[in-house]
Amino acid sequence: MKRKGIIIVVSGFSGAGKGTIMKALTARYDQYALSISATTRDPRPGEVNGREYFFVSNEEFEKLIEEDGLIEHAGYVNHYYGTPRKFVEDKLNAGIDVILEIEIQGALQVKEQYKDAISLFVMPPSAQELEKRLRGRGTESEEVIAQRLKRACEEASEVEKYDFIVVNDNLDEAVERVHGIISAVHGTPDRNKEFIEDVRNQLFDLTK
Ligand code: ADP
Ligand code: 5GP
């Protein structure tokens, strides 16, 4: 039975632990590919061009939009972010699930275009823990941390637009929960029409 790849859109407040969960998930299971976005923000210490992001100039980003090279894009705290089209479509065609770790405006654009995409929202166990993680990461200035918390406050009103929430308290449990949700989604009749039809036909042949 040929497995069809699906898009899994993952959003969550900055600092909730999306990146950490997705890194662990893709290290543990090889059926997932993580899309690498293009962004106009500067790399953080330790980030490598082409690994965490494709770091591009404003002009390069605008060119990508013009060429229809992005399946979605959005502005987030003074910078642009977008998902390159080719990687996503190649993986889906190869039967691999593609994870897009993107913010809500992009998530809604993807759900609009890819009707069988599923969306997950990663929540911290509490707002206090979110602030602690954001600060503990040590990658942003106090000013940017404040902007990101403000943005989280706005995003909090849109969580219900997602198909599932995942609470990232214990990391290992969160990783398994994400894997469990995606595995369950692969089991819906809608995503297995061909297989169901095949078995139906076999039964019909067997009993005629
Ligand atoms: P996001 O990608 O959502 O912005 P990160 O993955 O960068 O968040 O995580 C933010 C910080 O929280 C990092 O320092 C990370 O190590 C830490 N973190 C992630 N998950 C957990 C967890 N389950 N428990 C404690 N700390 C966590
Ligand atoms: P960060 O700067 O912390 O890496 O990412 C900031 C926000 O941008 C996060 O919410 C992240 O999920 C989102 N993001 C990253 N890549 C993309 C993308 O390609 N498209 C959209 N819409 N958001 C993205």
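Selection of region 66-84 for residues being open to solvent by less than 70 Å² (accessible area, probe 1.4 Å) and more than 11 Å from ligand 2 (Cβ to nearest atom) yields only GLY69.
The rows are residues; the columns are (1) β-branched (Val, Ile, Thr); (2) modelled with pLDDT of 95 or more.
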{"site": "MET1", "(1), (2)": "no, no"}
{"site": "SER14", "(1), (2)": "no, no"}
{"site": "PHE54", "(1), (2)": "no, yes"}
{"site": "ILE65", "(1), (2)": "yes, yes"}
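Scanning region 33-43 for residues that are in a loop (DSSP other than H, G, I, E, B) and open to solvent by less than 40 Å² (accessible area, probe 1.4 Å) returns SER35, THR40, ARG41.
Against the conditions (1) touching a residue at least 40 places away in the same chain (Cβ under 8 Å); (2) within 12 Å of ligand 1 (Cβ to nearest atom); (3) in a loop (DSSP other than H, G, I, E, B), GLY46 satisfies every one except (1). Among the residues of region 9-32, those that are open to solvent by less than 10 Å² (accessible area, probe 1.4 Å), more than 8 Å from ligand 2 (Cβ to nearest atom) and not in a loop (DSSP other than H, G, I, E, B) comprise VAL9, ILE21, MET22, LEU25.
Let's see how each residue does on (1) assigned to a helix (DSSP H, G or I); (2) hydrophobic (A, V, I, L, M, F, W, C):
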{"site": "THR139", "(1), (2)": "no, no"}
{"site": "GLU155", "(1), (2)": "yes, no"}
{"site": "ASP169", "(1), (2)": "no, no"}
{"site": "GLU176", "(1), (2)": "yes, no"}
{"site": "GLY180", "(1), (2)": "yes, no"}
{"site": "GLU194", "(1), (2)": "yes, no"}
{"site": "VAL199", "(1), (2)": "yes, yes"}
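For every residue, the table says whether it meets (1) under 14 Å from the mean Cα position of the chain (by Cα); (2) modelled with pLDDT under 95.
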residue	(1), (2)
ILE99	yes, no
GLU103	yes, yes
SER119	yes, no
PRO125	no, no
GLU129	no, no
LEU134	no, yes
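Looking across region 88-134, the residues that are within 11 Å of ligand 2 (Cβ to nearest atom), in a helix (DSSP H, G or I) and open to solvent by 20 Å² or more (accessible area, probe 1.4 Å) come down to GLN105, LEU108, GLN109.
The values are calculated or read from the model by the stated rules, or taken from the named source; none is laboratory data. Keep in mind the model is a prediction, meaning the values are calculated, not measured. Neighbour counts run over all protein chains shown; Cβ positions are idealised from the backbone, glycine included. What goes into the accessible areas is simple: the full protein's heavy atoms, side chains included, and nothing from ligands, DNA or RNA. Shrake-Rupley method; radii C 1.70, N 1.55, O 1.52, S 1.80 Å.
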